[in-house]
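This is the structure I have questions about; it appears just below.
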Amino acid sequence: MSNVITIGTKAVYPIIFEVDYGQMKSINCYLYQHGESLTLIDAGIDLPAFREFFNQKLKEYGFTIHDIDQILLTHHHGDHIGMVNHIVKQKQVPIYAHHVAIERLHLTEAYQLRKRQFFQQLYEEYSSLELAGPRLKKMEQTYRDTEALKIDAPITAFSDGDTVCGFHVIEVPGHSPDSVLFYDRETKWLFAGDLVLYTGTTNALIDHDEQLNLLPTVMQYRQSLEKCMQLDISVIYAGHQQPFSNLSEIVEKNLQRMDFKLERIVSKVAEGHKTALHLAKAIYGDRMKREFSLIMSEIIGYVTYAEMQGMIEKKENGRQWEFLVNS
Ligand SMILES: [Zn+2]
């Protein structure tokens, strides 16, 4: 099969499901074979069309679900975990994920309540609960659908620096707090989840720690990009789009894009757009309403980053945060 990549006793079988929405272009997962052992890295999205594609690719590659020995997850997002329940219903395989991912994958009550409390307060302080309505409603829907959506199997936690199924685990928070890279030192293959894509950038999504503190996601993302540039890589298998090799070129572009966004937010604050909501409108216009949670993630992420860099400061006005350029 032409798209199977082999080095010695190791092979990668890409499962690249093309989609026509957003800039993702495809939703990917990978079968990684080492001798007799077969590992599924990420698990796609839980949609009938993806499941059909997944089963068909397995067949094409000469495998069945019963050949899968374990599942590794790069992070907890829905387009990376979709086939997990489908697989474990047929074969109880070990599942591995970052320790921060565990409660998110199991959708524990405690986690969901904390998440809702965090976002409610965040949107009250940075924008408006009215605009946040659909996002908060979606969280309530997830809560009602917990039984159907949660990963219904035990998950083994790993941490930065661990070796899991032969891979070196590297924490790369920013896109999500539980994002990791799986690095095969021998072949120099890197399974990168959503840290880097061949074209465009993924987002640093707003998130919180266990004490409900806002995480410095943009700064974390930047540090994670710099960290991955230190690795000696032959091929990067990302969560979306095609595999690639020119990592430093792509990371440089990402870093430049982040610098641009930082400068843009500071200049918009300097122009007098004081609140996150005004900044979002000034930069994104009407798109702001349609892509509310993504855009607010970015605006809040970058004002937080600019504040940490000492470029702007935030002041409380009523229940809302306002921003001023540091003189
Ligand atoms: Zn993701």
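Looking at the stretch 85-93, is at least one residue within 16 Å of the ligand (Cβ to nearest atom), part of a helix (DSSP H, G or I) and either without any contact (Cβ under 8 Å) to a residue 12 or more places away in the chain or not hydroxyl-bearing (Ser, Thr, Tyr) (or both)?
Our first condition is that a residue be within 16 Å of the ligand (Cβ to nearest atom); within the stretch 85-93, this holds for none.
No.
Being more than 16 Å from the ligand (Cβ to nearest atom), modelled with pLDDT under 95 and in contact with an Asp or Glu (Cβ under 8 Å, 6 or more places away or on another chain) is the requirement here; does Arg319 meet it? Give the derivation first.
Working: more than 16 Å from the ligand (Cβ to nearest atom): yes; modelled with pLDDT under 95: yes; in contact with an Asp or Glu (Cβ under 8 Å, 6 or more places away or on another chain): yes.
Answer is yes for this residue.
Shifting gears a bit: Among the residues of the stretch 299-309, are any in contact with a Pro (Cβ under 9 Å, 6 or more places away or on another chain), among the small types (Gly, Ala, Ser) and buried (at least 17 other Cβ atoms within 10 Å of the Cβ)? Write out each step before concluding.
Within the stretch 299-309, the subset in contact with a Pro (Cβ under 9 Å, 6 or more places away or on another chain) is 301, 304-305, 308.
From what is left, the residues that are among the small types (Gly, Ala, Ser) are 301.
Filter again for buried (at least 17 other Cβ atoms within 10 Å of the Cβ), leaving 301.
Taking every residue of the stretch 299-309 in turn, at least one turns out to be in contact with a Pro (Cβ under 9 Å, 6 or more places away or on another chain), among the small types (Gly, Ala, Ser) and buried (at least 17 other Cβ atoms within 10 Å of the Cβ).
Only one of (1) surrounded by fewer than 17 Cβ atoms within 10 Å (Cβ to Cβ); (2) within 19 Å of Tyr302 (Cα to Cα) is not met by Leu195, so which one is it?
Condition not satisfied by Leu195: (1).
Hey, can you tell me all the residues within the stretch 233-263 that are part of a helix (DSSP H, G or I) and either within 16 Å of the ligand (Cβ to nearest atom) or among the hydroxyl-bearing types (Ser, Thr, Tyr) (or both)? Quick ask: steps written out before the conclusion?
To start, the set of residues in the stretch 233-263 that are part of a helix (DSSP H, G or I) comprises 247-263.
Answer for the stretch 233-263, where residues must be part of a helix (DSSP H, G or I) and either within 16 Å of the ligand (Cβ to nearest atom) or among the hydroxyl-bearing types (Ser, Thr, Tyr) (or both): Ser248, Asn254.
Next up: Of everything in the stretch 204-232 that's among the aliphatic types (A, V, I, L, M), part of a loop (DSSP other than H, G, I, E, B) and buried (at least 18 other Cβ atoms within 10 Å of the Cβ), which residue is nearest to the ligand (Cβ to nearest atom)?
Here is the first cut: in the stretch 204-232, the residues among the aliphatic types (A, V, I, L, M) are 204-206, 212, 214-215, 218-219, 225, 229, 231.
The next check asks that each one be part of a loop (DSSP other than H, G, I, E, B); those that pass are 204-206, 212, 215, 231.
Applying the additional criterion that residues be buried (at least 18 other Cβ atoms within 10 Å of the Cβ) yields 204-206, 215.
Numbers: Ala204: 11, Leu205: 8, Ile206: 13, Leu215: 15 Å.
It comes out as Leu205.
Related question: Any residue that is of a type in the set (Lys, Arg), more than 20 Å from Ile102 (Cα to Cα) and more than 16 Å from the ligand (Cβ to nearest atom) - is there at least one of those in the stretch 145-158? Can you show your working first?
Filtering the stretch 145-158 down to residues of a type in the set (Lys, Arg) leaves 150.
If we keep only those that are more than 20 Å from Ile102 (Cα to Cα) too, we end up with none.
Checked the stretch 145-158: no residue is of a type in the set (Lys, Arg), more than 20 Å from Ile102 (Cα to Cα) and more than 16 Å from the ligand (Cβ to nearest atom).
Same structure again: From the list Tyr123, Tyr30, Tyr96, pick out the single residue that is part of a helix (DSSP H, G or I), in contact (Cβ under 8 Å) with a residue 12 or more places away in the chain and among the hydroxyl-bearing types (Ser, Thr, Tyr).
Numbers: Tyr30 fails: part of a helix (DSSP H, G or I); Tyr96 fails: part of a helix (DSSP H, G or I).
Testing whether each residue is part of a helix (DSSP H, G or I), in contact (Cβ under 8 Å) with a residue 12 or more places away in the chain and among the hydroxyl-bearing types (Ser, Thr, Tyr) leaves just Tyr123.
Considering each residue of the stretch 173-203, count those that are part of a loop (DSSP other than H, G, I, E, B) and under 27 Å from Leu113 (Cα atoms), and give that number. Please lay out each step first, then the result.
From the stretch 173-203, those part of a loop (DSSP other than H, G, I, E, B) are 173-179, 185-188, 194-203; that's our starting set.
With the extra rule that they be under 27 Å from Leu113 (Cα atoms), the set shrinks to 173-179, 194, 202-203.
Looking only at that region, the number is 10.
Right, next: Looking at the stretch 176-203, which of the residues that are under 15 Å from Arg104 (Cα atoms) and out of contact with any strand residue (DSSP E or B) (no Cβ under 7 Å at 6 or more places or on another chain) is farthest from the ligand (Cβ to nearest atom)?
Pro177
The values are calculated or read from the model by the stated rules, or taken from the named source; none is laboratory data. Since this is a predicted model, take the numbers as computed values, not measurements. Counting neighbours? That spans all protein chains shown, and the Cβs are built from the backbone with ideal geometry, glycine included.
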